[in-house]
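The values are calculated or read from the model by the stated rules, or taken from the named source; none is laboratory data. Being a predicted model, the structure only gives us computed values, none of them experimental. Note that we place each Cβ from the backbone using ideal geometry, even for glycine, and neighbour counts take in every protein chain shown. What goes into the accessible areas is simple: the full protein's heavy atoms, side chains included, and nothing from ligands, DNA or RNA. Shrake-Rupley method; radii C 1.70, N 1.55, O 1.52, S 1.80 Å.
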Amino acid sequence: PTFGAPIETAYISGVPVSVADVYGNKGDPLANSPETQANLRARYDFELGSNQAFWQLGVAHQSESLNEAGNTENQFLMPSWTVLDGAIGIAKDSWRLELYVHNLTDENKSVFTTNRQFIVSETPMRPRTVTVRLGYNFGNQ
């Protein structure tokens, strides 16, 4: 065999036996390689009275993909998903207060599915998460 090429033949008792390419056929889709992935963020900073404020929206999308490549009975189609995020914040002098929400619509999809341990197991995406952050800048403003 050529260095770096997959093993395509095994010898059992001196007899050559064809082995399926574990990476699949040429042109087959790769594992965990969606056709489309996109992120978009928009942020607007503005003055609110004597305070500095902002709002921010974000969207992330991934189209469907396979969990494994090649000739396998363990192949699952991972669904496409879209996640929306948002944030607002206000600051005055050295103080700032921010509110972040990840996964605003509480999208619930499997980001990875397998049955390698003889049961189907899924890794769910992170559920809606709300974070409040209060900060103080001790250095120069």
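Miscellaneous remarks
- Test: residue in the range 106-121 that is open to solvent by 70 Å² or more (accessible area, probe 1.4 Å), farther than 30 Å from V19 by Cβ and assigned to a strand (DSSP E or B): no
- Matching residues in the range 1-39 - criterion: being surrounded by 12 or more Cβ atoms within 10 Å (Cβ to Cβ) and part of a strand (DSSP E or B): A31
- Neighbours by Cβ (under 9 Å, 6+ apart or cross-chain): first from the range 79-104, at positive phi and free of Cβ contacts under 8 Å to residues at least 40 places away in the same chain; second assigned to a strand (DSSP E or B) and hydrophobic (A, V, I, L, M, F, W, C): N103/V83; N103/L84
- Residue within the range 40-58 that is part of a loop (DSSP other than H, G, I, E, B), free of Cβ contacts under 8 Å to residues at least 60 places away in the same chain and either surrounded by 12 or more Cβ atoms within 10 Å (Cβ to Cβ) or touching a strand residue (DSSP E or B) at 6+ places or on another chain (Cβ under 6 Å) (or both) present: no
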